[in-house]
Amino acid sequence: MKMFNKVNYLFLFMLWVSTIVSCKKNDSGDPEPKPEPVQVLSISIDELKKLSTAASVDVPDGKKIKGIVISDASAKNIDSKTLVLQEATDKQGILINFDAAHTFALGDEVEIDISKKTLAQVNGEVMLQNIPVANAKKTGTGTVTPRATTIEEINTNKVTWNGTLVSIGGGMFTGSGRYAGTLSYGIDNGSIKSVVASGAAFENTDYPALTGGLTGIVRISGNEVFLNIRNAADVKSSESFVIVDDFSGAEPNHYVQITTSNIYPRKVMTNATKQFPNAADLFPFSQSANGWTFANASHNRVKVAEATDEDEGFLTPGRNYFWSVPALTTTLANRPTAVYNTSFNFFRGTKLGGDDADRYKLLKNITVVVAGSKTGPGFWNSDLYKDYSEFTAFDAANDGFKVKLMSKGTTVLDASPVFNDQGIWHTVTFKDVNTKVAAYDTEQGSYRSDFYLDIESLRRRATVTRGSTSMVAGNPVVIDRIILEFSEKPDWAN
C-alpha cells in the first residue's frame, strides 16, 4: 500500500513538471503576434483646432494634416522655425512651430505627422509646438486665394480666420514712411496693425504713400489683431497719381518747397526765405475765425520732433512735422460762436480761362494725417509767446478738433468727425474732391475753384501774448502729411 502511494505521487509529480515544461516551450517557441501599427489618418485643420480645449493638449495618435504654406520664409517676416499652413482657399489655417529652421517655401503643399504632438494656446492663437522637421514633407504645390474682406470683418472673425490669408482695400500706412516695427494701416476711419520683424528682407524700405490694397496673414496677440504682410509684394501700389507733402524737405520753422521736381505747377512753394508761401502758392496758409483772415502765421510751423517733447512716443524723433496752433486776435475772442482755424489752400487764385483753370479737375481725393498734440500753447513760449498762464489741462469731453474741406469762404464741402483725443493719428480722406468743387462752381454760377483744408479747434484754451498782440489759442494739432490723389497725371505736372 505504501509502495502504491509513492508510485502515485511520483507520477503526479512528473505530470506536473511535464506540464510546466510544455507551457514554457509554447511561450518561448511561439511568441504572441506583434500589434498592428497605428494607421495615420488625415484630420482637417478645423477638426484639429477643435481639440484645443485647454492651454496644452496632446494630439491623438495616428493623425496628420495637409495644407498650403502661406507664409514666406525667404522674406524673413516670420520666425525661421515657424510656418503658417492653410488647408485651402476659404479653409482654416494654423501656425506650426518646428524644432529647427525649415526650408518650405510659399506655395508648397506640405503634409505633417502630428501624432501625439502638442497643440497649444499661445496669446490667443492655437498652434502646434515643437514639431520635428522630419515629420513634415512636401507633397506638391498649390495656391491659396486671399479672402477679400474688411478690417471690421477681420476683427469680428479673428479667431476663425487666425492663420489665414486675407486681403483688404486701398488705404495707407501711418508711420515713418518705411517698413519697420509695428505699423498702422488705415482705411477710412478703421485701422489695423501690421508687424515688420527685425531683419525682414524688406525692413526699412519705403512703403507707398497710398496703396491699392493689402494682403496678409491674420494674427492675434492677446487682445490685439494684426494683418502681417509676408513680403513687400503684399502691398499693392495705388494706380493713382499721387503728390505727397510730408514736410521732409522743409527747414525747421519754415514751410518750403520739398524739391524743385516735386511736380507742383508753376505756382510752387519757392519762397524758401519766407516763413510761409504767399497766397499765390499751391499751399498758401491763412488763419480765420468766423471767416476773418489775418496774415500773421508765425505760430504755425514745421518743427523737428525731439525725444524730450511731450509728444515723445507718439512722434518719431528727428522727423519733420507741421504743428498748427489755431488762434484768433482778441478783437473776436469774446464771440461765443468763434472757432479757431488753420487753413491750407489749394490752387488759390485760379481763374476762369486762365492757364490754371483746370488744375483741380483730375483731383480725386485729399488725405490728411493729423493728431491732437499733447503740448499746450506753452510749447511755443521759448520763441513766440510771453504769457500762457490761462492754459488749462486738456478736457476730452469738450476739447478736440476736426478737419473740413472748404470752398471759397465758409461753404463746407465735407468734414471729418470730431476727434476728442491727443497723441492718436487720424487719417481723414475727402473723396471726389473734383466733383464736389465742380458742383459748388455750378451752384455759384461762376468758376470759383479755390478750396482748402481747414483745421478747426473746438474750444478756447488760452490767451497768449506775442509782442504787443494778444491771441486766443486752441489746442495744437500735428499734421503728419497731406496727400493729393489724382485719377491720372495732369498735363501741368510734366
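Hey, any hits in the stretch 140-156 for a residue that's part of a loop (DSSP other than H, G, I, E, B) and without any contact (Cβ under 8 Å) to a residue 24 or more places away in the chain? So that I can check it myself, show each step before the final result.
Taking the stretch 140-156 as the starting set, the residues that turn out to be part of a loop (DSSP other than H, G, I, E, B) are 142-146, 149-150.
Right, trim to without any contact (Cβ under 8 Å) to a residue 24 or more places away in the chain and you get 149.
Yes, there is a match, as at least one residue in the stretch 140-156 is part of a loop (DSSP other than H, G, I, E, B) and without any contact (Cβ under 8 Å) to a residue 24 or more places away in the chain.
Scanning the stretch 157-178 for residues that are touching a strand residue (DSSP E or B) at 6+ places or on another chain (Cβ under 8 Å), modelled with pLDDT of 95 or more and part of a loop (DSSP other than H, G, I, E, B) gives 162, 163, 164. Residues in the stretch 92-128 that are over 14 Å from residue 80 (Cα atoms) and not charged (D, E, K, R): 18 in all.
Does residue 487 satisfy being over 24 Å from the mean Cα position of the chain (by Cα) and at pLDDT below 85?
The answer is no for residue 487.
Restricting attention to the stretch 88-102, the residues that are within 20 Å of residue 165 (Cα to Cα) and outside any strand (DSSP E or B) add up to 5.
Are any of the residues in the stretch 109-118 in a strand (DSSP E or B), out of contact with any strand residue (DSSP E or B) (no Cβ under 6 Å at 6 or more places or on another chain) and either within 30 Å of residue 38 (Cα to Cα) or not assigned by TED's automatic domain parsing to the domain that holds residue 230 (or both)?
No, because not a single residue in the stretch 109-118 is in a strand (DSSP E or B), out of contact with any strand residue (DSSP E or B) (no Cβ under 6 Å at 6 or more places or on another chain) and either within 30 Å of residue 38 (Cα to Cα) or not assigned by TED's automatic domain parsing to the domain that holds residue 230 (or both).
Is the stretch 189-206 home to any residue that is surrounded by fewer than 20 Cβ atoms within 10 Å (Cβ to Cβ), closer than 17 Å to residue 485 by Cβ and under 13 Å from the mean Cα position of the chain (by Cα)? No; the residues of the stretch 189-206 include none that is surrounded by fewer than 20 Cβ atoms within 10 Å (Cβ to Cβ), closer than 17 Å to residue 485 by Cβ and under 13 Å from the mean Cα position of the chain (by Cα).
In the stretch 79-101, the residues that are closer than 16 Å to residue 137 by Cβ form Cβ pairs under 8 Å with partners that are of a type in the set (Ser, Thr, Tyr) and not in a loop (DSSP other than H, G, I, E, B), at six or more places apart or across chains, as follows: 96/82; 98/82. Within the stretch 70-88, the set of residues being over 23 Å from the mean Cα position of the chain (by Cα) and farther than 22 Å from residue 51 by Cα comprises 80, 81. Just a yes or no: is a residue in the stretch 204-212 over 21 Å from residue 246 (Cα atoms) and either among the hydroxyl-bearing types (Ser, Thr, Tyr) or part of a loop (DSSP other than H, G, I, E, B) (or both)? The answer is no, given that none of the residues of the stretch 204-212 is over 21 Å from residue 246 (Cα atoms) and either among the hydroxyl-bearing types (Ser, Thr, Tyr) or part of a loop (DSSP other than H, G, I, E, B) (or both).
Look at the stretch 304-333: where a residue is of a type in the set (Val, Ile, Thr) and a partner is modelled with pLDDT under 65 and surrounded by fewer than 18 Cβ atoms within 10 Å (Cβ to Cβ), sitting 6+ places away or on another chain with Cβ atoms under 6 Å, you get 304/252; 330/470.
May I ask you to list the residues in the stretch 42-73 that are loosely packed, with under 12 Cβ neighbours inside 10 Å and either hydroxyl-bearing (Ser, Thr, Tyr) or outside the structural domain of residue 104 (by TED's automatic domain parsing) (or both)? Residues satisfying the conditions are 42, 53, 56.
Give the residue, chosen from 374, 402, that is at pLDDT 65 or above and not in a loop (DSSP other than H, G, I, E, B).
Working: 374 fails: not in a loop (DSSP other than H, G, I, E, B).
After applying the criteria, what remains is 402.
Would you confirm, using the coordinates I've provided, whether residue 184 is outside any loop (DSSP other than H, G, I, E, B), crowded, with 21+ Cβ neighbours inside 10 Å and polar (S, T, N, Q)? No. Looking only at residues in the stretch 216-235 that are touching a Leu at 6+ places or on another chain (Cβ under 7 Å) and part of a strand (DSSP E or B), the one that is surrounded by the fewest Cβ atoms within 10 Å (Cβ to Cβ) is 235.
Provide a single number: the residues in the stretch 299-324 that are in a loop (DSSP other than H, G, I, E, B), at pLDDT below 65 and aliphatic (A, V, I, L, M). Don't jump to the end; show me each part of the working.
Start the filter on the stretch 299-324 by keeping residues that are in a loop (DSSP other than H, G, I, E, B), which leaves 299-300, 305-311, 313-314, 316-319.
Retained after the next criterion (residues that are at pLDDT below 65): 299-300, 307-308.
Next, only the ones that are aliphatic (A, V, I, L, M) stay: 307.
Qualifying residue count for the region: 1.
The single condition from (1) closer than 24 Å to residue 45 by Cα; (2) of a type in the set (D, E, K, R); (3) out of contact with any Phe, Trp or Tyr (no Cβ under 8 Å at 6 or more places or on another chain) that residue 188 fails is (1). Among the conditions (1) over 16 Å from the mean Cα position of the chain (by Cα); (2) surrounded by fewer than 16 Cβ atoms within 10 Å (Cβ to Cβ), residue 161 misses just one, which is (2).
The values are calculated or read from the model by the stated rules, or taken from the named source; none is laboratory data. Owing to the predicted nature of the structure, the values given are computational and were not obtained by experimental measurement. We place every Cβ from the backbone using ideal geometry, glycine too, and count neighbours over all the protein chains shown.
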